[in-house]
Each structure stands twice: as C-alpha cells, then as structure tokens.
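The values are calculated or read from the model by the stated rules, or taken from the named source; none is laboratory data. On a predicted model such as this, the values are computed, not experimentally measured, just so you know. So basically every Cβ, Gly included, is an ideal-geometry build from the backbone, and we count neighbours across all protein chains shown. Heavy atoms of the whole protein, side chains included, go into the accessibility calculation; ligands, DNA and RNA do not. Shrake-Rupley method; radii C 1.70, N 1.55, O 1.52, S 1.80 Å.
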Amino acid sequence: MSPATTAVLLLAYGTPERLEDVAPYFTHIRGGRTPSPEAVARLRQRYERVGGRTPLLDITREVGARLEAELERDGEPVRVYVGMKHWHPFIADTMRRIAGDGIERVTVLVLAPHYSRLSIGGYRAAVEDAHAALGRPFAIRFIERWGSHPDFVALIASRIRWALADLAPDERGQVVTVFSAHSLPERIRSWGDPYEAELLESSAAAARAAGIGDWRFAWQSAGETGEPWLGPDILDYLETLRAEGVRQVLQVPIGFVSDHLEILYDLDLEARARAAALGLGYRRTALPNASPDFVRTLAAVIRSAAPVAA
C-alpha cells in the first residue's frame, strides 16, 4: 500500500498528565499569565479528587487509532494525528510531525461539536498560526461544527435511552432531562455568536429522537474571570428543579464527548453532591469517549464535509 498523503488532525483541549503539570498547564490556558498560588491549589485539588489526572489524552488517542481504521475502509490510506490546545502534544508540534511525514491534505476536526468564536475559533487560530509558521506545506479543511449532524444526534439520543432504561418504571416517569455544556462569557451574545443556538438546536433534536418531552438546558464549568458567564449554572438549576417538585434528574452533557475534569469533577462530584443534598435522584448519560458508534459518527462527519483542496 502506498504511503498516506491524506490525514485527519483531531484536536482536544488538553489535560495535565501529572499534578506537577497543573501550574504550567493553567498558565498556558491563561495565555502565559501566571495564575495565583491559590488558584493553582484549587485546580490541583480538583485533579487530586479525580485521581491525579484525567483520561482525556488516552481517550483521544484511542479515538484516533480507531478512526484511522474506520476511514481506511474507504480504500485510501489515512493517517490520524492528535493535537492538544493547552498541553502536550501541542497543536503546533503535531502539525510539524504532519509536515515531516509528507502529508498533502489535512482535515481538522475539534472534538467539540458546537461552534463559538471563543472555543472553536481559538483552535482554528492555533492551527492557522502553526500552518503559517511551517510555510503552509499542506492543504487544510477545517470542520467548524457538527452538533446537528444526524449521526451525532442519534448517538446522544441512544445514551439518553440507555440511561432511562436503567431506571425503575415509576422513576422513569418522574425524570426531567437537563442538557448541559461548558459556559462561556455572556459577551458572546453581543457578537451574535451561534454557540447557544447550536446547543439548543442539538438538545431539541436529541430530545425528539429519544422521545423526551420535558427537557431543560443549563450551563456548567464557568470560569472565574470576574465577568458574567452564561447561566443558569447546573448547581443553581438543581435547586430550581427541586423547588418545582422534580425528584429525578438525568443530566446530558451534550457539549462534551470525552471524560475529563468538567465531567469527572464538575458533574460526577459537585453536581451529584448538590443533587444528593437536595434529595434529588441524579444520573448522567455516558460520554461517547472512544465507543464504536462515536468513531463511526466522526467518520460520517468527515466524509460528509467538503473535500480538501488539492
């Protein structure tokens, strides 16, 4: 078989591999500005609570390996690479590898389904900067959004059905489904940023596909930047649901596709503890991670996108 000249670059946020990495990782997120020792200690404590590290990089690499095999079934060899926005392997380093491997065409896909200028736009800027620094040695196709792709909607709906199937029949009828995604600063609304609308569209489609009538949307994992962030936050919204008489909550983190800190700590520890304190039954849907149906979804997204220019 001839060497691959076509590749996919999967991008994710990044995660520190050791507790000693938390401070430089946090500094990178802040654009090189050193966080306070107190802020580093709080973030480090969160990682300690989930075992010292998250599986995000391991999961992303597994997705990449499985996606490479899935795409090669089309008959053309394809390489799949992994790059991280805020930790190793950094996007620029991976793109240097791609250039060295003689790749001619690259499809870039962020493992976040919904577009915002602050989120996906940041990944795109990192890719473009690295590409320019390399002298633009290959053609790039950047897939900016895929949250409304029918395969992704079907995948989320399946996770909802699986979670509901684990409940007793009497509990199932009491469940309120709450979709969630990472909050962003409220200022994105003044830009006409599509992030919020795309998330609500995906949530509505997944609810319809799963046969869910009563569903809500809340935000999670807001940053501590001193400016207003999109709300309501899920921790506050659980109190609202309890006041409405809700007894069972199914959380669907539709803005995330892999287990990492915003899932393992913010939801599995913080939100679960808040729900327990309020006397609410609480469960969340399983993340796609490296499951076969998720890999097939990514392959479908890539195949349905416009071709990479030669």
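Points worth noting:
- Residue, surrounded by the fewest Cβ atoms within 10 Å (Cβ to Cβ), within segment 78-107, restricted to residues that are small (Gly, Ala, Ser) and under 26 Å from residue 53 (Cα atoms): 92
- Conditions (1) touching a helix residue (DSSP H, G or I) at 6+ places or on another chain (Cβ under 6 Å); (2) open to solvent by less than 20 Å² (accessible area, probe 1.4 Å); (3) not charged (D, E, K, R); number of the one not met by residue 164: (2)
- Taking segment 201-233 as the range and being polar (S, T, N, Q) and loosely packed, with under 13 Cβ neighbours inside 10 Å as the test, only 225 passes.
- Taking the criterion of being assigned to a helix (DSSP H, G or I) and either of a type in the set (A, V, I, L, M, F, W, C) or open to solvent by 50 Å² or more (accessible area, probe 1.4 Å) (or both), the residues of segment 174-195 that qualify are 186, 187, 188, 189, 190, 191.
- Out of 122, 147, sole residue that is touching a Ser or Thr at 6+ places or on another chain (Cβ under 7 Å) and either of a type in the set (Gly, Ala, Ser) or part of a helix (DSSP H, G or I) (or both): 147
- The one condition in (1) surrounded by fewer than 20 Cβ atoms within 10 Å (Cβ to Cβ); (2) in a helix (DSSP H, G or I) that residue 153 fails to fulfil: (1)
- Of the set (1) within 30 Å of residue 281 (Cα to Cα); (2) open to solvent by less than 40 Å² (accessible area, probe 1.4 Å); (3) out of contact with any Asp or Glu (no Cβ under 6 Å at 6 or more places or on another chain); (4) at pLDDT 95 or above, all apply to residue 110 but (1).
- Odd one out for residue 50, checked against (1) more than 21 Å from residue 130 (Cα to Cα); (2) open to solvent by 30 Å² or more (accessible area, probe 1.4 Å); (3) touching a Lys or Arg at 6+ places or on another chain (Cβ under 9 Å): (3)
- Some residue of segment 55-67 being open to solvent by 10 Å² or more (accessible area, probe 1.4 Å), closer than 26 Å to residue 124 by Cα, in contact (Cβ under 8 Å) with a residue 40 or more places away in the chain and in a loop (DSSP other than H, G, I, E, B): yes
- Taking the listed residues 268, 259, the one that is farther than 21 Å from residue 145 by Cβ, acidic (Asp, Glu) and not in a loop (DSSP other than H, G, I, E, B) is 268, with no other qualifying.
- Residue count for segment 15-34, restricted to those that are within 13 Å of residue 47 (Cβ to Cβ) and either open to solvent by less than 50 Å² (accessible area, probe 1.4 Å) or part of a loop (DSSP other than H, G, I, E, B) (or both): 10.
One line per residue, one yes/no per condition, for (1) among the small types (Gly, Ala, Ser); (2) closer than 24 Å to residue 48 by Cα; (3) out of contact with any Cys (no Cβ under 9 Å at 6 or more places or on another chain); (4) without any contact (Cβ under 8 Å) to a residue 24 or more places away in the chain:
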position	(1), (2), (3), (4)
205	yes, no, yes, no
212	no, no, yes, no
221	yes, yes, yes, no
225	no, yes, yes, no
229	no, no, yes, no
261	no, yes, yes, no
265	no, yes, yes, no
270	no, yes, yes, no
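- Matching residues in segment 35-50 - criterion: being outside any helix (DSSP H, G or I) and free of Cβ contacts under 8 Å to residues at least 12 places away in the same chain: 36
- Segment 116-141: number of residues that are within 17 Å of the chain's Cα centre (by Cα) and either surrounded by 19 or more Cβ atoms within 10 Å (Cβ to Cβ) or modelled with pLDDT under 95 (or both): 4
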